[in-house]
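Asker: Below is the structure I would like to discuss, written out as structure tokens.
The values are calculated or read from the model by the stated rules, or taken from the named source; none is laboratory data. Remember, it's a predicted structure, so these values are computed and weren't measured experimentally. All Cβ positions, even for glycine, are placed from backbone atoms using ideal geometry, and neighbour counts span all protein chains on display. Accessible surface is based on the protein model in full, side chains and every heavy atom, while ligands, DNA and RNA are left aside. Shrake-Rupley method; radii C 1.70, N 1.55, O 1.52, S 1.80 Å.
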Amino acid sequence: MGATLAQAAPGPVAAPKAPEGERKAEPNASHPSPADQPGATAHPVIRTQSDAFYRPTVHFSPESGFMNDPNGLIFDNGVFHLYYQFDPFSPYAGHVHWGHATSPDLLVWQDQPIALNETKDGEAFTGCAVLDVRNSSGLFPEGKSGLVALYTRATPKKQTQFLAISEDDGQSFRDIPHNPVLDIGSNSFRDPKVFFHIPTGQWVMVVAKARLHQIAFYASIDLQHWVHLSDFGPSGLFGVDYECPNLIEIPVEGGGSRWVLFISVNPGGPTGGSITQYFVGSFDGSHFTPDDTVIGLTDFAKDAYALQVYENMPGTQAVSIAWLGNWQYCQELPTQSWRGCMTLPRLMTLRHDSSGWLRLAQAPRGLETLREAPVSFTCRRLAAGASASVQLPLGAALELTLSATVDQMPPNLPLGDKGRTGRFVIVFGNDMGESLTIGFDAFSGQLWIDRADLNGFKQPFFTGQFSTPLNPDDRHFDIRLVLDACTLEVFANGGLSVGTALLFPANPLTFLKLEATGTGASIETLGLYRLKKVMPRQTAL
Ligand code: FRU
């Protein structure tokens, strides 16, 4: 019996071999690329009213064409760079270039010329930028530093890692002659993110072996020669592809820091389609070791994907931007000349939640600077069944901050009424019967977003409701939300629960109403602000 048991004991588990070479389709076939169909780019760009109506005023979106992942996020010489996956020719994914914008503060963006082209070597897929301070690559003139991009060149047959240098402060990148710098003969190997690991004095790359559901770690001293260190995964969600890994040390509120590995998974997210998962752990320069078997999700809704962290930030700030979209419907959204936006920049910390778990907390970075005079709206107390409302300024992004405590559960509730009784509901609506609600169910401690009663876009995967637990046994909640044309970002529980959702009302949302159902509520803080328009685009007003 002992022998049998010994034979059956699990040894190291070999990853199954993915049928990499056999696929005929696109390298990332989990999202089709209509723009690659013959003729798709021959149509003229049509501008419609919806292009302006749904255009955000404080979120970055491309003037025209299709945008997905943020790329090459780096702060250099007082300038924040945002490169992005970009099809300049049509509002569909394909013919991927790196679009580019710059900002002094991550909020006010200025368009720049395309920084990397699609070439005969393939499309310019996702990647990163680093500042080669000491010219460790030897690619710059002696004593000079410069920006280096490491990214994936993709063809249907191959995905390899390319290196390009910039000699004009990030305005454009030029591929070095002896590319690729990393080729493992795979067509699902992409999205390198590189940083300098100070304790080991080397550059470290995290890169996705997409279909194998693994993140590979490589090291280099010159950014050109890469040595394999380790592989992480599969871990957490399987999904179809692992994409866009990021590894960063994030401060823990109250002291210390931990390493966090972000992995975007598509499709296969629990809310459908694209999702970003994260692991909290340690990194010794070659291996990432998670602290536990818990996975975190950066979002409880479904429109924040391909998160990338900023490189070269001053101090220990961890700042990220994600694509505000989902591969399930991003190419069908009801705009015609442009598709795709980015989330607001988010400051990330780690915080112990009410149960003691270390979790990611996110907050919009610097947004207060865009606040205009507050919209006058006072409400301290809502009796059971009461509501209070205010007309909304039209055509502007809005920020709402609110914290409230729902009264104790009334005694002698009818059977089954517990759930319906203690809800605090934030309604953005109009007289055409459309509404967006964000609600707190006090006696189960959960928050929801409901976009189902907006009529501008219907598609099977464009699901309506999302929810998250807040603190168990706590009738208090706090929320900060930004509503900006087709985007909603909800930061609840001090940013421990974040929900990002695209929204397509058919008509403007004209009022905000706060409601207490069944049980009264006391409102401790309430702020409603119009945000200053910073995107130089044609918008609703
Ligand atoms: C993630 C992704 C990446 C790829 C890029 C292509 O959204 O699929 O894996 O590099 O988009 O645009």
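Asker: Which shape class applies to the range 351-455: rounded if a/c is under 1.5, otherwise prolate when a/b exceeds b/c and oblate if not, where a ≥ b ≥ c are the square roots of the Cα gyration tensor eigenvalues?
Answerer: Values: a/c = 1.79, a/b = 1.19, b/c = 1.51.
Oblate.
Asker: Within the range 214-255, which chymotrypsin sites (Phe, Trp or Tyr not before Pro) sit in a loop by DSSP and count at most 12 neighbouring Cβ atoms inside 10 Å? Walk me through the numbers before you get to the answer.
Answerer: Numbers: sites: PHE217, TYR218, TRP226, PHE232, PHE238, TYR242; in loops: TRP226, PHE238.
Here the chymotrypsin sites (Phe, Trp or Tyr not before Pro) that fit, given the DSSP loop and packing criteria, are PHE238.
Asker: Size of the dipole of the chain about the Cα centre, Lys and Arg at +1 and Asp and Glu at -1 on the beta carbon, nothing else charged, in debye to 20? Let's see the in-between values first.
Answerer: Details: 38 positive and 53 negative charges, 132 e Å.
The dipole magnitude comes to about 640 debye.
Asker: Something else: Kindly give the semi-axes, whole Å and largest first, of the ellipsoid equivalent to the range 60-137, taking each as the square root of 5 times a Cα gyration tensor eigenvalue. Let's see the in-between values first.
Answerer: Numbers: eigenvalues 96, 59, 14 Å².
For the range 60-137, the ellipsoid semi-axes come out as 22, 17, 8 Å.
Asker: Can you compute 3J(HN,Hα) from phi for each residue in the range 385-396, using the Karplus curve 6.51 cos²θ - 1.76 cosθ + 1.60 with θ = phi - 60°, rounded to whole Hz and x for Gly and Pro?
Answerer: x, 8, 8, 9, 9, 8, 6, 9, x, 8, x, 10
Asker: From the Cα gyration tensor of the range 466-519, with a ≥ b ≥ c the square roots of its eigenvalues, which class applies: rounded if a/c is under 1.5, or else prolate if a/b is larger than b/c, or else oblate? Please report the intermediate quantities before stating the final value.
Answerer: On the way: a/c = 2.53, a/b = 1.46, b/c = 1.73.
Note, shape of the range 466-519 comes out oblate.
Asker: Hey, what's the range 340-472 come to in accessible area per residue, 1.4 Å probe, Å²? If you can, show how the numbers build up before the last one.
Answerer: Values: 6020 Å² over 133 residues.
About 45 Å² of surface per residue is accessible.
Asker: What trypsin sites (Lys or Arg not before Pro) does the range 155-189 have in DSSP loop regions with at most 13 other beta carbons within 10 Å? Intermediate values should be presented prior to the final figure.
Answerer: Working: sites: LYS157, LYS158, ARG174; in loops: LYS157, LYS158.
Counting only loop positions with at most 13 other Cβ atoms within 10 Å, the trypsin sites (Lys or Arg not before Pro) in the range 155-189 are LYS157.
Asker: Kindly list the residues of the range 161-203 that lie in the label zone of VAL133, defined by a backbone N under 17 Å from the point 7 Å along the Cα-to-C-beta vector.
Answerer: Label zone hits: 194-203.
Asker: What residues have an amide H closer than 5 Å to that of ILE74, excluding those fewer than 5 places away on the same chain, when H is modeled at 1.01 Å from N in the peptide plane?
Answerer: When sequence neighbours closer than 5 places are left aside, the close amide H contacts are HIS81, GLU311.
Asker: Could you sort 479-492, 257-270, 101-114 so that the peptide with the highest average Cβ count within 10 Å comes first and the rest follow in order?
Answerer: On the way: 479-492: 23.4, 257-270: 21.7, 101-114: 16.1.
Top to bottom by mean Cβ count within 10 Å: 479-492, 257-270, 101-114.
Asker: Let me ask you something else. Is the range 377-529 best put as rounded, prolate or oblate by its Cα gyration tensor, with a ≥ b ≥ c the root eigenvalues, rounded for a/c under 1.5, and otherwise prolate when a/b is larger than b/c, oblate when not?
Answerer: It is prolate, given that a/c is not under 1.5 and a/b is the larger ratio.
Asker: Divide by every residue of the chain the summed helix terms, -39500 (n - 2.57) for each DSSP H run of at least 4, and state the resulting mean residue ellipticity at 222 nm, rounded to the nearest 500 deg cm²/dmol.
Answerer: On the way: 3 runs with 16 residues, N = 541.
Helix-only estimate at 222 nm: -500 deg cm²/dmol.
Asker: A further question follows. Using each residue's phi in the range 348-359, evaluate 6.51 cos²θ - 1.76 cosθ + 1.60 at θ = phi - 60° and report the 3J(HN,Hα) Karplus result to the nearest Hz, with x for Gly and Pro.
Answerer: So the J values, rounded to whole Hz, are 10, 9, 10, 9, 6, 7, 5, 9, x, 7, 7, 9.
Asker: Set the Förster radius R0 to 41 Å, insert the Cβ-Cβ distance between SER286 and SER354 as r into 1/(1 + (r/R0)^6), and round the FRET efficiency to 0.05.
Answerer: Working: r = 35 Å, r/R0 = 0.86.
The pair SER286/SER354 has a calculated efficiency of 0.70.
Asker: For GLN538 and LEU415 in one chain, what is 0.36 nm times their gap in residues minus the Cα-Cα distance, to one decimal in nm?
Answerer: Values: separation 123, 0.36 × 123 = 44.28 nm, distance 5.31 nm.
Residue separation times 0.36 nm, minus the Cα-Cα distance, leaves 39.0 nm.
Asker: Give me D for the range 296-391 in µm² s⁻¹, whole number, from Stokes-Einstein with Rh from the Kirkwood sum over alpha-carbon pairs, 25 °C and 0.890 mPa s.
Answerer: 143 µm²/s
Asker: Further question: Give me, ordered by chain and number, the residues 5 or more places off TRP226 or on other chains with an amide H under 5 Å from its own placed amide H.
Answerer: Correct list: empty.
Asker: Taking 7 Å along the Cα-to-C-beta vector as the label spot, tell me the GLU368-THR401 distance in nanometres, rounded to one decimal.
Answerer: 0.7 nm
Asker: State the extension gain, in nm to one decimal, for the chain segment bounded by HIS178 and ILE221, taking 0.36 nm per residue of separation less the distance between their alpha-carbons.
Answerer: Values: separation 43, 0.36 × 43 = 15.48 nm, distance 1.69 nm.
Fully extending the segment from HIS178 to ILE221 adds 13.8 nm.
Asker: Assuming R0 = 51 Å, can you tell me the calculated FRET efficiency for the pair THR510 and THR200, based on Cβ-Cβ distance, to the nearest 0.05? Kindly include the intermediate steps, with their values, before the conclusion.
Answerer: Values: r = 57 Å, r/R0 = 1.12.
Efficiency for this residue pair is about 0.35.
Asker: In whole Hz, with x marking every Gly and Pro, tabulate ³J(HN,Hα) for the range 340-347 from phi via Karplus 6.51 cos²θ - 1.76 cosθ + 1.60, θ = phi - 60°.
Answerer: So the Karplus estimates, Gly and Pro as x, are x, 9, 9, 5, 5, x, 10, 8 Hz.
Asker: Only sites in a loop by DSSP and with at most 14 other Cβ atoms within 10 Å count here; which trypsin sites (Lys or Arg not before Pro) in the range 362-399 make the cut? Mind dumping the intermediate values first?
Answerer: Numbers: sites: ARG365, ARG371, ARG380, ARG381; in loops: ARG365, ARG380.
Passing both the DSSP loop test and the Cβ count: ARG380.
Asker: What are the radius of gyration and Dmax of the range 234-393, computed over its Cα atoms and given in Å?
Answerer: Gyration radius and largest Cα-Cα distance of the range 234-393: 18.8, 58 Å.
Asker: If I model a spin label at LYS144 and ILE295 as a point 7 Å from the Cα along the Cα→Cβ vector, what separation in nanometres do I get?
Answerer: About 4.5 nm separates the two model spin labels.
Asker: Among 439-446, 384-391, how do they line up from the highest to the lowest mean number of other beta-carbon atoms within 10 Å?
Answerer: Details: 439-446: 20.9, 384-391: 13.8.
The packing order, highest mean first, is 439-446, 384-391.
Asker: In whole Å, what are the extents of the range 438-491 along the principal axes defined by its C-alpha atoms, from largest to smallest?
Answerer: So the extents along the principal axes, rounded to whole Å, are 37, 22, 14.
Asker: If you don't mind, there's one more thing I want to ask. How many percent of the alpha carbon pairs in the chain exceed a separation of 36 Å?
Answerer: Working: 48873 of 146070 pairs.
Pairs farther apart than 36 Å: 33 percent.
Asker: Could you work out how much longer the chain between GLN465 and ILE46 gets when fully extended? Use 0.36 nm per residue separation minus the Cα distance between them, nm to one decimal.
Answerer: My answer for the length gained is 147.7 nm.
Asker: Got a number for the accessible area of PHE80? Probe 1.4 Å, square angstrom, nearest 10.
Answerer: Spelled out: PHE80, probe radius 1.4 Å, area about 10 Å².
Asker: Ignoring any ligand, DNA or RNA, what whole percent of the accessible area of the chain comes from carbon and sulfur when the probe is 1.4 angstrom?
Answerer: Details: 11680 of 21350 Å².
It is 55 percent, rounded to a whole number.
Asker: Which far-off residues, 5 or more places away or on another chain, put their amide H under 5 Å from the one on CYS341, with H placed in the peptide plane?
Answerer: LEU324
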